[in-house]
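Okay, structure first, notes after.
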Amino acid sequence: MTPLLPLAAEQKSAEVTDWAARIGWLVGIVLFIALVYWLMREGWKWRGTLQGDLPDLPAAPEDPGPVKLSMSGRYHGSTTAGQWLDRIVAHGLGTRSRAELTLTDAGLDVVRPGARDFFVPASRLREARLDKGIAGKVLTEGGLLVVTWQHGDRLLDSGFRSDRADEHAAWVETLNTMIDSTETEGAR
């Protein structure tokens with residue numbers, strides 16, 4: 001039988017936590033995260049500066065005419081046409097938000113609560129299609145309504161997702177029919 005006294009003498013107490021080192025690491029991590037966010041914000045502002053040549057966004061006319069289609073959903077942003085990762089941030093076009101879309105003979109009116117509204121005149125609409133992604137958002141195939149339009153000397157793709165995805169096909173058909181008729185009238 002072993003005496004109990006020698007076992008108790010061999011036991012050590014737990015090491016004391018070094019609070020100064022832990023607090024130092026915590027402060028370092030918080031500062032690193034703050035630096036990363038600051039750099040991301042500066043990059044966003046720099047992108048807006050580079051896109052400063054874009055003209056101001058058109059405003060909706062007083063009387064746009066009868067409503068052809070309307071949709072509520074989400075605006076996911078605008079990119080340079082054909083380059084789904086080249087986000088446009090100038091004039092608030094990079095801000096994702098809720099959106100109410102209204103299509104009339106005058107054009108496409110995009111009302112965004114909490115973000116800047118814009119209007120795309122019918123003469124500037126170029127194409128509508130279903131796609132699967134735009135900068136910062138990837139969905140299933142055909143889950144995104146993408147409208148291509150002329151703004152200044154650039155072609156832009158703007159991505160929208162309806163609250164009811166079955167509406168997308170009707171939007172593509174109506175927009176493309178409207179674009180074809182506008183181009184036909186312009187050719188006369």
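The values are calculated or read from the model by the stated rules, or taken from the named source; none is laboratory data. What you are looking at is a predicted structure, and each value in this text was computed from that prediction instead of being measured. Every residue, glycine as well, gets a Cβ built from its backbone with ideal geometry; the counts of neighbours run over all protein chains shown. Areas reflect the complete protein model, heavy atoms only, side chains present, ligands, DNA and RNA absent. Shrake-Rupley method; radii C 1.70, N 1.55, O 1.52, S 1.80 Å.
Here's a check for you: in the stretch 40-61, which residue that is of a type in the set (A, V, I, L, M, F, W, C) and in a loop (DSSP other than H, G, I, E, B) is surrounded by the most Cβ atoms within 10 Å (Cβ to Cβ)?
Of the stretch 40-61, the ones of a type in the set (A, V, I, L, M, F, W, C) are 40, 44, 46, 50, 54, 57, 59-60.
Remaining after also requiring in a loop (DSSP other than H, G, I, E, B): 54, 57, 59-60.
On the way: L54: 17, L57: 16, A59: 10, A60: 19.
Checked the stretch 40-61; the qualifying residue surrounded by the most Cβ atoms within 10 Å (Cβ to Cβ) is A60.
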Subject >> Of the criteria (1) under 24 Å from D163 (Cβ atoms); (2) open to solvent by less than 30 Å² (accessible area, probe 1.4 Å); (3) more than 17 Å from the chain's Cα centre (by Cα), which one P64 fails >> reply: (2)
Subject >> Criterion violated by G136 - all others in (1) open to solvent by less than 30 Å² (accessible area, probe 1.4 Å); (2) closer than 17 Å to W44 by Cα; (3) not basic (K, R) satisfied >> reply: (1)
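One line per residue, one yes/no per condition, for (1) at pLDDT below 85; (2) closer than 30 Å to W149 by Cβ; (3) touching a strand residue (DSSP E or B) at 6+ places or on another chain (Cβ under 6 Å); (4) not acidic (D, E):
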residue: L7; (1), (2), (3), (4): yes, no, no, yes
residue: A21; (1), (2), (3), (4): no, no, no, yes
residue: G24; (1), (2), (3), (4): no, no, no, yes
residue: D56; (1), (2), (3), (4): no, yes, no, no
residue: M71; (1), (2), (3), (4): no, yes, yes, yes
**OP:** Tell me which residues, restricted to the stretch 102-116, are closer than 16 Å to L57 by Cα and crowded, with 16+ Cβ neighbours inside 10 Å.
**Re:** A106, G107, L108, D109, V110, V111, R112, A115
Original post:
Across the stretch 156-180, which residue is farthest from the chain's Cα centre (by Cα) among those that are surrounded by 21 or more Cβ atoms within 10 Å (Cβ to Cβ), part of a helix (DSSP H, G or I) and in contact (Cβ under 8 Å) with a residue 60 or more places away in the chain?
Top reply: L175
**OP:** Identify all residues within the stretch 84-101 that are open to solvent by 60 Å² or more (accessible area, probe 1.4 Å) and over 14 Å from the mean Cα position of the chain (by Cα); write none if there are none.
**Re:** E100
